[in-house]
Amino acid sequence: MNFALGFKPPVGESSAMDNLEKQLICPICLEMFTKPVVILPCQHNLCRKCASDVFQASNPLWQSRSSSAVSTGGRFRCPSCRHEVVLDRHGVYGLQRNLLVENIIDIYKQESSRPLHPQPEQQQQQLMCAEHQEERINIYCLSCAAPTCSMCKVFGSHKDCEVAPLHSVYKRQKTELSDGIAILVAGNDRMQAIISQMEDICRTIEENGRRQKQALCDRFDALYAVLEERKKELVESVSREQDRKLRHVRRLIRCHGDHLEAAVKLVETAIQSMEEPQMAVFLQSAKDVFKKITDTAKASDLERAEPGYESMAQFAVDTDNIADMMRSIDFQTGSPNEDDDDLEEDGDGLPGVEAEPGRH
């Protein structure tokens with residue numbers, strides 16, 4: 001849909017004036033009646049120009065009185081009640097003018113031209129239809145999901161489509177976009193909480209790793225030189241597992257952080273879209289924003305660290321072995337998810353490590 005730019009005078013804010021204006025709207029152009037206003041036999045009113053457009057569309061071979069041929073009249077249906085209107089050779093010029101409605105329009109325009117705080121320089125820019133250059137973009141085609149004008153609905157490419165007033169669709173979709181932003185912001189808060197939780201897991205992994213390494217060092221120091229080589233190997237094993245887990249969790253943090261950053265940028269984009277003053281431009285851009293919000297919400301369920309992943313309890317060792325078996329010392333087998341706080345403490349107060357023989 002192509003648009004051109006025009007200007008629309010500001011509308012009064014009084015509810016009474018708004019209600020009056022609704023009664024002065026032409027059912028064809030969806031704008032205030034343009035004089036002269038004609039009254040149909042069914043008592044409904046139309047702009048003479050709109051009535052002429054509908055009549056010409058229904059009677060394409062009808063000729064005006066100015067032609068040399070003799071005109072024979074024609075017929076069309078009222079757009080409000082579908083009552084058939086039969087015209088004589090004068091066409092729409094034979095319809096009676098509704099002077100009462102025209103006088104009400106004059107009074108309304110006089111009242112609406114006196115705002116409490118007039119600011120004529122701040123006229124609202126209005127988009128015009130590219131196909132009907134004198135028609136404003138004032139309706140929205142629900143079937144094609146595109147803004148259009150009333151002439152396109154009556155005679156153009158949208159005549160068989162379902163339409164609605166542009167301002168009502170604008171308000172509804174702006175509300176929907178606002179709700180989408182709220183959902184996205186709430187999702188970002190949850191994502192930040194997940195990141196904070198995993199940062200705590202990293203700190204716990206580091207603490208548990210340091211504690212287990214200290215326990216190993218204390219035991220191997222008590223066994224003197226015969227345990228030195230083995231001690232180094234086991235300490236390196238703990239460090240490798242600690243590094244592996246840290247790398248995994250930090251990778252998850254980066255993934256969640258990247259997703260959060262993209263979601264924050266999407267919020268900024270959506271907010272900027274909310275500030276778009278042009279209803280038609282807003283509706284055109286809102287579809288992409290809705291799609292991005294939906295895609296971001298679907299991708300929010302990212303991988304997390306498993307419960308108990310931070311545990312390092314599997315690195316506990318048993319030093320109650322005789323000297324000729326020390327060279328075969330290895331970590332105790334156990335569940336990697338075992339909670340460190342549940343490990344028994346020996347006489348030295350070291351969790352998960354039994355006291356040396358003879359020490360009390």
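The values are calculated or read from the model by the stated rules, or taken from the named source; none is laboratory data. A quick note: this is a predicted structure, and the numbers were derived from the prediction, not measured. In this analysis, Cβ positions are derived from the backbone assuming ideal geometry, glycine residues included, and neighbour counts consider all displayed protein chains.
Considering (1) at pLDDT 85 or above; (2) buried (at least 18 other Cβ atoms within 10 Å of the Cβ); (3) basic (Lys, Arg), say which one Lys153 fails and leave the rest. Failing condition for Lys153: (1). For Glu111, the test of being outside any loop (DSSP other than H, G, I, E, B), at pLDDT below 80 and touching a helix residue (DSSP H, G or I) at 6+ places or on another chain (Cβ under 9 Å) is passed. If only residues of region 133-150 that are over 21 Å from Pro277 (Cβ atoms) and surrounded by fewer than 18 Cβ atoms within 10 Å (Cβ to Cβ) are counted, the one that is modelled with the highest pLDDT is Cys144. Residues that are hydroxyl-bearing (Ser, Thr, Tyr), closer than 22 Å to Glu275 by Cα and either touching a residue at least 60 places away in the same chain (Cβ under 8 Å) or touching a Ser or Thr at 6+ places or on another chain (Cβ under 7 Å) (or both): does region 198-205 have at least one? No, because not a single residue in region 198-205 is hydroxyl-bearing (Ser, Thr, Tyr), closer than 22 Å to Glu275 by Cα and either touching a residue at least 60 places away in the same chain (Cβ under 8 Å) or touching a Ser or Thr at 6+ places or on another chain (Cβ under 7 Å) (or both). Once region 11-56 is narrowed to residues that are at pLDDT below 70 and out of contact with any Pro (no Cβ under 7 Å at 6 or more places or on another chain), the residue that is surrounded by the most Cβ atoms within 10 Å (Cβ to Cβ) is Ser14. For the condition among the aliphatic types (A, V, I, L, M) and free of Cβ contacts under 8 Å to residues at least 60 places away in the same chain, Val249 does not qualify. Ile183 falls short on exactly one of the conditions (1) among the aliphatic types (A, V, I, L, M); (2) surrounded by fewer than 15 Cβ atoms within 10 Å (Cβ to Cβ); (3) modelled with pLDDT of 85 or more; (4) farther than 30 Å from Gln278 by Cβ, and that condition is (4). Within region 172-213, the set of residues being of a type outside the set (Ser, Thr, Tyr) and under 12 Å from the mean Cα position of the chain (by Cα) comprises Gln173, Lys174, Glu176, Leu177, Asp179, Gly180, Ile181, Ala182, Ile183, Leu184, Val185.
Residues in region 273-291 that are over 17 Å from Ala145 (Cβ atoms) and under 11 Å from the mean Cα position of the chain (by Cα): Met274 alone. For region 41-57, how many residues are touching a residue at least 12 places away in the same chain (Cβ under 8 Å) and within 25 Å of Asp18 (Cα to Cα)? Within region 41-57, residues that are touching a residue at least 12 places away in the same chain (Cβ under 8 Å) and within 25 Å of Asp18 (Cα to Cα) number 8. The listed residues are Lys298, Lys265, and the only one of them that is modelled with pLDDT of 80 or more, of a type in the set (D, E, K, R), within 14 Å of Leu184 (Cβ to Cβ) and out of contact with any helix residue (DSSP H, G or I) (no Cβ under 8 Å at 6 or more places or on another chain) turns out to be Lys265. Just one of the listed residues (Pro336, Pro357, Pro307) is at pLDDT 70 or above and over 17 Å from the mean Cα position of the chain (by Cα), and it is Pro307. Restricted to region 76-93, and to residues that are loosely packed, with under 14 Cβ neighbours inside 10 Å and modelled with pLDDT under 85, which residue is farthest from Phe33 (Cα to Cα)? Going through the qualifying residues, I end up with Asp88.
Scanning region 214-230 for residues that are crowded, with 18+ Cβ neighbours inside 10 Å and within 57 Å of the chain's Cα centre (by Cα) yields Ala215, Leu216. Counting the residues of region 114-131 that are loosely packed, with under 10 Cβ neighbours inside 10 Å and at pLDDT 80 or above gives 0. Looking at Arg172, Arg219, just one residue is among the basic types (Lys, Arg), assigned to a helix (DSSP H, G or I), modelled with pLDDT under 90 and farther than 30 Å from Pro307 by Cα, and that residue is Arg172.
Scan region 146-169 for residues that are assigned to a helix (DSSP H, G or I), of a type outside the set (Ser, Thr, Tyr) and touching a residue at least 60 places away in the same chain (Cβ under 8 Å) and report the count. Looking only at that region, the number is 5.
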